[in-house]
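One structure is given here, and the rest of the page talks about it.
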């Protein structure tokens, strides 16, 4: 069945949603809208309205736990419960308590999406130790590019941030999937890429996830990096576990694109909903290549991902996803 939680019933729990990075993910929003330590040019949530690096309690912590306990019985399977939303989760001083208490009520792995800016603080690193996956970001390793792209809260120092990520790697036994967001013409030059490569070698994440603009940004003039550029960057970083997570925007992003295969794929999905694994078995194509075809068909509103029976299926697009 397609499972979702009505937003009007919950302040802090949303989803589950099909996530490109985390599969079926139930979101936890523990920060007021656009309260963040950065004001990133590309943020899909808009401009930061409360730019801060002060940790504090934003609401009674039992509120979240009660919402989560009420939501979980209706959800057959989750790949992750994820601290995300529209602000920086590590600003909530109850984060460590949330992680410990959620582990008592759910066996689902816990993930935390963070901009990584507060990991220079020992209390923040300690709070995150109970998570199964931490997904920080690092878009620049040169101070000028960091200031331009991320527009940080006064008092944040780039070297402190990188050193905090490095320290966290030494203390943390879970997985670190570090996102690098490439803005065309800003952090894609040779000096920026060399500095990022050196910083990533220090941090030693389990994955480096290259991304670029996919939705309207907070500020005008931000340009997406194309697949060719991201592929080139991956090639320049040998020895790093790099994967590209940006969605395909154009058919030119697909090597040896085939209109016949695209039509066959669409007709197959129209006959019955299929998972990515189903499509791999049916077509003998690789997952990355299939994702690019699916990205384009989804962007054109010809197909849509839905959660049914604890799996992500692709089905023909309808204005209102069916619930059953």
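Here is how the numbers come out for the structure above:
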| item | result |
| --- | --- |
| Approximate spin-label separation residue 260-residue 122, in nm, with each point projected 7 Å along Cα-to-Cβ | 6.6 nm |
| Taking the stretch 40-160 and dividing mean pair separation by its residue count, relative contact order in percent (alpha carbons under 8 Å, at least six apart) | 28 percent |
| Label point 7 Å beyond Cα of residue 317 along Cβ direction - residues of the stretch 16-56 with amide nitrogen under 19 Å | 18-20 |
| Average Cα contact separation per residue, the stretch 101-244, under 8 Å, 6 or more apart, as relative contact order % | 22 percent |
| Residue 191-residue 229 pseudo-label distance in nm [points 7 Å out on the Cα-to-Cβ vector] | 1.8 nm |
| Difference of contour (0.36 nm per residue) and Cα-Cα distance, residue 219 to residue 184 | 11.2 nm |
| Pairwise centroid distance, computed over Cα atoms, of the stretch 72-130 with the stretch 138-213, Å | 21 Å |
| For the chain, share of DSSP beta bridges that run antiparallel, in % to the nearest 5 | 35 percent |
| Average Cα contact separation per residue, the stretch 7-246, under 8 Å, 6 or more apart, as relative contact order % | 19 percent |
| Percentage of interatomic Cα-Cα distances in the chain larger than 35 Å | 22 percent |
| Helix-only [θ]222 nm of the chain, DSSP H runs n ≥ 4, -39500 (n - 2.57) each, per residue, nearest 500 | -10000 deg cm²/dmol |
| Rough spin-label spacing in nm, given labels placed 7 Å along Cα→Cβ, for residue 245 and residue 74 | 2.7 nm |
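Every read-out reported here was derived from the displayed coordinates using simple, explicitly stated rules and does not represent laboratory data. Worth saying up front: this structure is predicted, and the values here are computed from it rather than measured. Note that we place each Cβ from the backbone using ideal geometry, even for glycine, and neighbour counts take in every protein chain shown.
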